[in-house]
Amino acid sequence: MTNILFYLKFLICIIILISPGFTESAIIKDISIPVHRINEFPFIKIADLEKLPNVSYKLQDFESVEINFLGTKINLNNGGSFFRVNDELYHMPLWVEYQNNNFFVPYHGFFRVLEELKLVKSFLDPSKDIVIMDLIKFNITDISFEQRTNGCSIIIHNIGDFNLNSISSTLVKRPGEWLSLTIPWGRLDSSTIVNTKIANPIKKIRISQLPQSGQISFQLKSTVDDVDIKKDEDTNDLLIVIRVDHSENAERIKEIRKKWLLDTIVIDPGHGGKDPGTIGQKGTMEKDIVLDISLKLGAIIEREMGANVIYTRSNDIFVPLWKRTKIANESGGKVFISIHANSTTNHKVSGFETFLLRPGKTDDAIDVAQRENSVISLEENKFSYRDLSYENLILATMAQRVFMKESEFFASAIQKELAKVFNTNNRGVKQAGFQVLVGASMPNVLIETGFLSNSREEKNLNKKGFRKKIARAIFNALVEFKDKYENAIIDE
Ligand SMILES: [Zn+2]
């Protein structure tokens, strides 16, 4: 057993040592080869190419020659202007010459192709009649992954001019299978490629260098719907677009949507029954005004959004505060909208405001919360409400921190929309400790739709058309909220 382990370690060391990426750079620089002039045109003697490391040639007969150029097979014929590179056909403006037992290739036509294939970089120095060459040891060095919601793109960067048809690939779809690409002239730089950061649904990347081609393989992690292999004509990048199984993906999105869709809206008309809420100078009762706005809002939601609407009360009955959030939570509500009308001793004060459950910052906000919470004294079966001291409110706020951002966005959208309806004060988004919001396990807001203590606002709130406008404004804010949060969730 120890022996096997020893040999295994030994083998690993050998592999690391001979792995080209670790020991040699990607380019062998500045090799010069003499130019031969035939009818004034520059030619290269094929025998001279053997000066380059890992380049050899073999005369098939006196008519043809095969060059092995770092594993790439090049075939030329005497008098021919066509030649093959790994079975791909290329054309030169001049033809191959055979003189004094030697083959000569026209420099411009031949080296243009080798450069396009990223085999070599060369430069003709006419003053000395030499060609200076940089031999490109690896022509595939850079691979990157881009994660997509429905799969990923693999980009094999700048691998030289190539014919897409010359690249073969395996057909795979199932987890565990290997998608293998064989690039005929490919010389892979293992040191950079294997360290590439991969993306789903690819599990592993593996390369194998064959004498005449390079093979890159990607192992699938999950079922794939289709694989598209393309060439970017501008950059000479090879693109592999992998789309994961569509039905699987659609299922997942449906699951997320089901969980997060704003499909159930809870509307909480304040007060009711023996609790009239605040009463205006003309005797208008808060409970009636807010019930009507709530029912109008619910009707618009059902008609235009197609969402379920849950009312904590839909007629003139008394519902304790604790029961309102219980109804909301048990119905699977996705947002809780509590609707109220305001009141204060100063009859000049008017305007609309939206509250979030948080420790109150200003006295008037605390006053509103105290008034709205005072209904508890009318509740018969005493529920043990937690005293909303500063500390307890902090705790209640923390319990809601997962959807605090949503509540904030919704509250400011409501204020923005209501400002279009009212020509009175936009009193802004405020925060205070409302018992009715404490237990809600969903984004929640409490809207004060105007002051019944102000005679002008009492008059307005008594108008059916005005209440309809308020309902429409809240609905518009809900649409904004729905768009923002559903899209954010789907994008993730
Ligand atoms: Zn109220």
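The values are calculated or read from the model by the stated rules, or taken from the named source; none is laboratory data. Keep in mind it's a predicted model, so treat the numbers as computed, not measured. With ideal geometry, Cβ positions are generated from the backbone for all residues, glycine too; neighbour counts draw on all protein chains shown. What goes into the accessible areas is simple: the full protein's heavy atoms, side chains included, and nothing from ligands, DNA or RNA. Shrake-Rupley method; radii C 1.70, N 1.55, O 1.52, S 1.80 Å.
At-a-glance table
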| read-out | value |
| --- | --- |
| Conditions (1) under 23 Å from HIS157 (Cβ atoms); (2) among the hydroxyl-bearing types (Ser, Thr, Tyr); (3) not in a strand (DSSP E or B); number of the one not met by SER127 | (1) |
| SER314 vs. criteria among the hydroxyl-bearing types (Ser, Thr, Tyr), more than 16 Å from the ligand (Cβ to nearest atom) and modelled with pLDDT of 95 or more | yes |
| Condition check for LYS482: touching a Leu at 6+ places or on another chain (Cβ under 7 Å) and charged (D, E, K, R) | yes |
| Per-region count, the range 374-405, residues assigned to a helix (DSSP H, G or I) and open to solvent by less than 30 Å² (accessible area, probe 1.4 Å) | 6 |
| Pick from the range 265-309, criterion open to solvent by less than 10 Å² (accessible area, probe 1.4 Å) and in contact with a Gly (Cβ under 6 Å, 6 or more places away or on another chain), ranking: farthest from the ligand (Cβ to nearest atom) | VAL266 |
| Yes/no for ARG206 being in a strand (DSSP E or B), loosely packed, with under 15 Cβ neighbours inside 10 Å and over 23 Å from the mean Cα position of the chain (by Cα) | yes |
| Hey, ASP125 open to solvent by less than 60 Å² (accessible area, probe 1.4 Å) and more than 30 Å from ILE167 (Cα to Cα) or not | yes |
| Some residue of the range 453-467 being under 39 Å from the mean Cα position of the chain (by Cα) and closer than 30 Å to GLN281 by Cα | no |
| Answer from ASN346, ASN373, ASN315, ASN308 - the residue that is under 19 Å from ALA432 (Cα atoms) and not hydroxyl-bearing (Ser, Thr, Tyr) | ASN373 |
| Selection from the range 310-330 of residues that are open to solvent by 40 Å² or more (accessible area, probe 1.4 Å) and either within 39 Å of the chain's Cα centre (by Cα) or not acidic (Asp, Glu) (or both) | ILE310, TYR311, SER314, ASN315, ILE317, PHE318, TRP322, LYS323, LYS326, ILE327, ASN329, GLU330 |
| Residues being touching a Pro at 6+ places or on another chain (Cβ under 8 Å) and either within 16 Å of the ligand (Cβ to nearest atom) or not assigned by TED's automatic domain parsing to the domain that holds VAL290 (or both) - total across the range 328-337 | 1 |
| Matching option when the condition is in contact with a Lys or Arg (Cβ under 8 Å, 6 or more places away or on another chain) and at pLDDT 80 or above, among LEU238, LEU188 | LEU238 |
| Filter result for the condition that a residue is modelled with pLDDT of 85 or more and open to solvent by 30 Å² or more (accessible area, probe 1.4 Å), over THR345, THR362 | THR345 |
